[in-house]
1. Those residues that are open to solvent by 60 Å² or more (accessible area, probe 1.4 Å), within 25 Å of THR74 (Cβ to Cβ) and of a type in the set (S, T, N, Q), I need them from segment 7-62; list them, please.
2. In segment 63-74, how many residues are within 16 Å of ILE41 (Cβ to Cβ) and either crowded, with 21+ Cβ neighbours inside 10 Å or β-branched (Val, Ile, Thr) (or both)?
3. Inspect segment 117-137 for any residue being of a type in the set (S, T, N, Q), over 17 Å from the mean Cα position of the chain (by Cα) and at pLDDT 80 or above and give the result as yes or no.
4. Does HIS88 satisfy the criteria of being touching a Leu at 6+ places or on another chain (Cβ under 6 Å), at pLDDT 80 or above and not aliphatic (A, V, I, L, M)?
5. Which pairs have Cβ atoms under 6 Å, sit 6 or more apart or on different chains, and link a residue in segment 86-108 that is surrounded by fewer than 17 Cβ atoms within 10 Å (Cβ to Cβ) to one that is charged (D, E, K, R) and part of a loop (DSSP other than H, G, I, E, B)?
6. Is it the case that segment 75-84 has a residue that's open to solvent by less than 80 Å² (accessible area, probe 1.4 Å) and modelled with pLDDT of 85 or more?
7. Quick one: in segment 49-71, of everything that is assigned to a loop (DSSP other than H, G, I, E, B) and of a type outside the set (Gly, Ala, Ser), which residue is modelled with the lowest pLDDT?
Amino acid sequence: MGCFKMKSKIKFLATGDFHSDLSFVRDIKKNVDMSDIDYVIFTGDLSDKSNDFKSLLDVFEGKKILMTPGNHETKKGIEALKEFYNVHLIGDKPFEVGEHIGVFGSNYCNVGPFRKSEREVFMDVLKGFRKVEGRQHKILL
């Protein structure tokens, strides 16, 4: 029976607010060794359009992407991200990395076209926290 050793260090890259700015993506490509990154976390506002994700996300190809949508994403754009780019929305379901790390949060907040009340955001965060509370490390988005 084979066994494997999990990496001793897991590396995350957290970023957001591209607003369709390709120069921002070029800077990441130039300054970050993506082969060393295990997970990418997006905090929203990647695009001001729903059709330019390919040019924005090519540098992150093959990475597991965790995200909380911002107030500039459209529901149609988010569905495309989930379907074509393997994006996991943290507010839909917390994400567990190995046995020790839990990532949780809320999709959308009380700004922009997809308003959530503060109570809804709090309940999302509380529900997510309960699912990862046994993890040694927790990341709230």
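1. THR43, ASN51
2. 7
3. Yes: segment 117-137 contains one or more residues that are of a type in the set (S, T, N, Q), over 17 Å from the mean Cα position of the chain (by Cα) and at pLDDT 80 or above.
4. Judged against the criteria, HIS88 is a match.
5. These pairs meet every condition: HIS100/ARG135.
6. Within segment 75-84, not a single residue is open to solvent by less than 80 Å² (accessible area, probe 1.4 Å) and modelled with pLDDT of 85 or more.
7. ASN51
This table checks each residue for (1) farther than 24 Å from LYS138 by Cα; (2) within 15 Å of the chain's Cα centre (by Cα).
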{"position": "VAL25", "(1), (2)": "yes, no"}
{"position": "PHE53", "(1), (2)": "yes, yes"}
{"position": "LYS76", "(1), (2)": "yes, no"}
{"position": "PHE95", "(1), (2)": "no, yes"}
{"position": "GLY98", "(1), (2)": "no, no"}
{"position": "TYR108", "(1), (2)": "no, yes"}
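The values are calculated or read from the model by the stated rules, or taken from the named source; none is laboratory data. Only a predicted model underlies this, so the values are computations on that prediction, with no experimental measurement involved. Cβ: placed from backbone, ideal geometry, glycine included. Neighbour counts: every protein chain shown. For the accessible areas, the whole protein counts, side chains as well, though only heavy atoms, and no ligand, DNA or RNA atoms are used. Shrake-Rupley method; radii C 1.70, N 1.55, O 1.52, S 1.80 Å.
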